[in-house]
Amino acid sequence: MKQKKVEGLLREKLKDRGLKVTQQRLLVLSVLAQNSGSHMAAEEVYGQIQKGYPEIGLATVYRTLQLLQEMQLVDSIYLDDGCVRYEMGHLFEGEMKHSHHHLICRKCGKIIQFEDDLLEELEVHIEKATGFHVLDHELKFYGECKDCMGQGR
Ligand SMILES: [Zn+2]
Ligand SMILES: [Zn+2]
Ligand SMILES: [Zn+2]
């Protein structure tokens, strides 16, 4: 994983904002880096941190996730269950982008990742047509997963 690079970007962005590089900020980011692809709720991130650093509270984890998101190092995913999940972005040419799109099963709630991104062309098209410079995009697909499709048949 490119964790070191992402950590460098975090240090840089904190410095830009005049914020300190603290242990909890590095920790929250590293938990997300180590669990990339698992879409963690704040409570789950907290649970991981608790194992090694019981002195860090849930409120701190919440605040840190929010900050990481503002700095665009972390993406949040809002699902129908009202639970916000977080995942680390994907480092591309020194900037963080989303790493994949999400296919969400309406029956079992499973999140499947879809890596192919065919939207760059659309972004170029939007920019040409409107002059709007697209930085990133977000896309969710709702449906039924393979397992759920197999049931009741
Ligand atoms: Zn994801
Ligand atoms: Zn399903
Ligand atoms: Zn995309």
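Here is how the numbers come out for the structure above:
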read-out: The chain: calculated mean residue ellipticity at 222 nm from DSSP helix runs of at least 4, using -39500 (n - 2.57); value: -13000 deg cm²/dmol
read-out: The chain shape via C-alpha gyration tensor axes, a/c threshold 1.5; value: oblate
read-out: Residues of type lysines that Lys5 reaches as a straight line, Cα spacing below 20 Å, ignoring anything fewer than 8 places off in the same chain; value: Lys13, Lys15, Lys20, Lys97
read-out: Global geometry of region 100-153, whether rounded, prolate or oblate, following the gyration tensor of its Cα atoms and the 1.5 cut on a/c; value: prolate
read-out: Loop-located GluC sites (Glu not before Pro) in region 77-153, at most 12 other Cβ atoms within 10 Å (DSSP); value: Glu93, Glu115, Glu138
read-out: Amide H within-cut-off set for Val74, under 5 Å, with H built and near neighbours excluded; value: Gln69, Gly89
read-out: Global geometry of region 37-117, whether rounded, prolate or oblate, following the gyration tensor of its Cα atoms and the 1.5 cut on a/c; value: oblate
read-out: Region 100-153 - share of DSSP beta bridges that are antiparallel (%, nearest 5); value: 50 percent
read-out: Likely footprinting exposure, Cys105, Cys148, fewest C-beta neighbours within 10 Å first; value: Cys148, Cys105
read-out: Whichever lysines have a C-alpha closer than 21 Å to that of Lys107, once near sequence neighbours (fewer than 8 apart) are set aside; value: Lys140, Lys146
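Just so you know, all these numbers are worked out from the coordinates, no wet-lab data involved. Please read these numbers as outputs of a predicted model, since none were measured by experiment. Cβ sites come from the backbone with ideal geometry, for glycine too, and all protein chains shown count toward neighbours.
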